[in-house]
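Chemist: Before anything else, here's the structure in question.
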Amino acid sequence: MPKNRVWTLLAVFSVVLALLVTGGCGKPAVERAEPSGLTIQVIDVGQGDAILIRTPGQQVTLIDTGDVPARNKLVAYIKKQGVIAIDNLIITHPHADHLGGAQAILENFPVKHVYDNGQTTTTALYRQYLTLIQKKQIPFEVVKVGGQLDLGGGAILTFYGPPSPPLAGAETNLNNASIVGRLSFGKFSMLLPGDAELEEERWIVKRYGGELQSQVLKSGHHGSRTSSSLGFLKAVRPEAAIASLGAGNDYHHPHPSTIRRYEDYKIKFFRTDTDGTVTITSDGETYTITKEK
């Protein structure tokens, strides 16, 4: 065989081998494209709240952590989603059904920042939470009304609560000191009011009015009759509402009067006790809501 033909065949073989190694596209075959949209999961943690938000570029935010009995389930679920670190942990208020899983989250994931409403309590759960933040030297910040948090990938969380100065009685009714955030991503928006009750809802509506308008509402206080007031729903004008709650809970959540208000305003209603984890995805133009069950 002529020498120049041998070199030609070797060159062709080298090109073919390179294509096989790289997957034929100039990049390693194992490389995956990052998601281009927003994913929000209202996780089924029983009687409590835990909301996982992932933005383009895979920045991860967790709002609330459910109660103590659900903490192992919460950690397992988040790991199953492929999450290895949490950029932002936000505790809307220090009730056990929102704070109870914080210790497990802090022990199982690197957490880059922690935010809460600044309301202190004397419970063991709260002391453990603060102790771990200090021990791990995690940057900590108290949320201020009117502030914003960049969640990455074009997603912004704007804070409309807790009220400042605090509402009368908020030191005993911690619900009315809840962090209230509006998540925006392109044309999509979702309001996340923690456990805000009527008094905080009125304060927010009076101050912000039409700014609250959002396509999706996380039902305040698990669908309690003390939340989702008429004035609040008129300001938010949601197309869908999602309540996070436990099956057969002792609090009568969601309350029939709240469900009727949703029906009156033609708001599609989802609930984790019967639907399981509820997932919202958006490309910034449209959105979809899917149920686990």
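Chemist: Residues being touching a Phe, Trp or Tyr at 6+ places or on another chain (Cβ under 9 Å) and either surrounded by 12 or more Cβ atoms within 10 Å (Cβ to Cβ) or of a type in the set (A, V, I, L, M) (or both): count how many of those fall in region 124-143.
Modeler: At the first step, the residues of region 124-143 found to be touching a Phe, Trp or Tyr at 6+ places or on another chain (Cβ under 9 Å) are 130, 133-134, 140-143.
Filter once more, keeping what is either surrounded by 12 or more Cβ atoms within 10 Å (Cβ to Cβ) or of a type in the set (A, V, I, L, M) (or both): 130, 133, 140-143.
Qualifying residue count, region 124-143: 6.
Chemist: Continuing with this model, one more query. Find all pairs meeting these conditions: Cβ atoms under 6 angstrom apart; at least six residues apart or on different chains; first residue within region 172-192 and aromatic (Phe, Trp, Tyr); second residue buried (at least 22 other Cβ atoms within 10 Å of the Cβ) and part of a strand (DSSP E or B).
Modeler: Qualifying pairs under 6 Å: Phe185/Leu38; Phe185/Ala155; Phe185/Ser282; Phe188/Ser282; Phe188/Tyr287.
Chemist: Can you confirm whether region 77-84 contains a residue that is under 20 Å from Asp273 (Cα atoms) and surrounded by 17 or more Cβ atoms within 10 Å (Cβ to Cβ)? Don't jump to the end; show me each part of the working.
Modeler: Let us first name the residues in region 77-84 that are under 20 Å from Asp273 (Cα atoms), namely 77-78.
Remaining after also requiring surrounded by 17 or more Cβ atoms within 10 Å (Cβ to Cβ): 77-78.
Scanning region 77-84, I find at least one residue that is under 20 Å from Asp273 (Cα atoms) and surrounded by 17 or more Cβ atoms within 10 Å (Cβ to Cβ), so the answer is yes.
Chemist: Looking at (1) surrounded by 17 or more Cβ atoms within 10 Å (Cβ to Cβ); (2) modelled with pLDDT of 95 or more, which is the only condition Gly231 fails?
Modeler: Unmet condition: (1).
Chemist: While we're here: In region 196-233, how many residues are within 19 Å of Leu183 (Cβ to Cβ), touching a helix residue (DSSP H, G or I) at 6+ places or on another chain (Cβ under 8 Å) and assigned to a loop (DSSP other than H, G, I, E, B)?
Modeler: 6
Chemist: Kindly check whether there is at least one residue in region 268-288 that is modelled with pLDDT of 95 or more, under 25 Å from Arg207 (Cα atoms) and surrounded by 21 or more Cβ atoms within 10 Å (Cβ to Cβ).
Modeler: Checking region 268-288: not a single residue is modelled with pLDDT of 95 or more, under 25 Å from Arg207 (Cα atoms) and surrounded by 21 or more Cβ atoms within 10 Å (Cβ to Cβ).
Chemist: Can you give me the number of residues within region 86-101 that are surrounded by fewer than 23 Cβ atoms within 10 Å (Cβ to Cβ) and of a type in the set (A, V, I, L, M, F, W, C)?
Modeler: 2
Chemist: Something else about it: Checking Ile259 against (1) within 19 Å of Asp97 (Cα to Cα); (2) out of contact with any helix residue (DSSP H, G or I) (no Cβ under 6 Å at 6 or more places or on another chain), which single condition isn't satisfied?
Modeler: The one condition Ile259 does not meet is (1).
Chemist: Something else: Which one of these does Ile90 not meet: (1) aliphatic (A, V, I, L, M); (2) under 24 Å from Asp283 (Cα atoms); (3) touching a helix residue (DSSP H, G or I) at 6+ places or on another chain (Cβ under 6 Å)?
Modeler: It fails just one condition, (3).
Chemist: So is Lys218 modelled with pLDDT of 95 or more, in the same structural domain as Lys80 (by TED's automatic domain parsing) and farther than 20 Å from Ile91 by Cβ or not?
Modeler: Working: modelled with pLDDT of 95 or more: yes; in the same structural domain as Lys80 (by TED's automatic domain parsing): yes; farther than 20 Å from Ile91 by Cβ: no.
In short, no.
Chemist: Continuing with this model, one more query. Gly161 - would you say it is of a type in the set (Gly, Ala, Ser) and surrounded by fewer than 13 Cβ atoms within 10 Å (Cβ to Cβ)?
Modeler: Values: of a type in the set (Gly, Ala, Ser): yes; surrounded by fewer than 13 Cβ atoms within 10 Å (Cβ to Cβ): no.
For Gly161, the condition - of a type in the set (Gly, Ala, Ser) and surrounded by fewer than 13 Cβ atoms within 10 Å (Cβ to Cβ) - is not met.
Chemist: Residues in region 75-110 that are of a type in the set (Phe, Trp, Tyr) and closer than 19 Å to Gly57 by Cβ: how many? Explain how you work it out, then say what you get.
Modeler: Step one: filter region 75-110 for residues of a type in the set (Phe, Trp, Tyr), giving 77, 109.
Next, only the ones that are closer than 19 Å to Gly57 by Cβ stay: 109.
Qualifying residue count, region 75-110: 1.
Chemist: Let me ask something else about it. Give the residue that is farthest from Thr258 (Cα to Cα), with candidates limited to residues of region 168-190 that are crowded, with 24+ Cβ neighbours inside 10 Å and among the aliphatic types (A, V, I, L, M).
Modeler: The selected residue is Leu183.
Chemist: Return yes when Tyr77 is among the hydroxyl-bearing types (Ser, Thr, Tyr) and either more than 29 Å from Tyr287 (Cα to Cα) or in contact with an Asp or Glu (Cβ under 7 Å, 6 or more places away or on another chain) (or both) and no when it is not.
Modeler: Numbers: among the hydroxyl-bearing types (Ser, Thr, Tyr): yes; either more than 29 Å from Tyr287 (Cα to Cα) or in contact with an Asp or Glu (Cβ under 7 Å, 6 or more places away or on another chain) (or both): no.
Answer is no for this residue.
The values are calculated or read from the model by the stated rules, or taken from the named source; none is laboratory data. In this text the structure is predicted, and so the values were computed from the model without any measurement. Cβ sites come from the backbone with ideal geometry, for glycine too, and all protein chains shown count toward neighbours.
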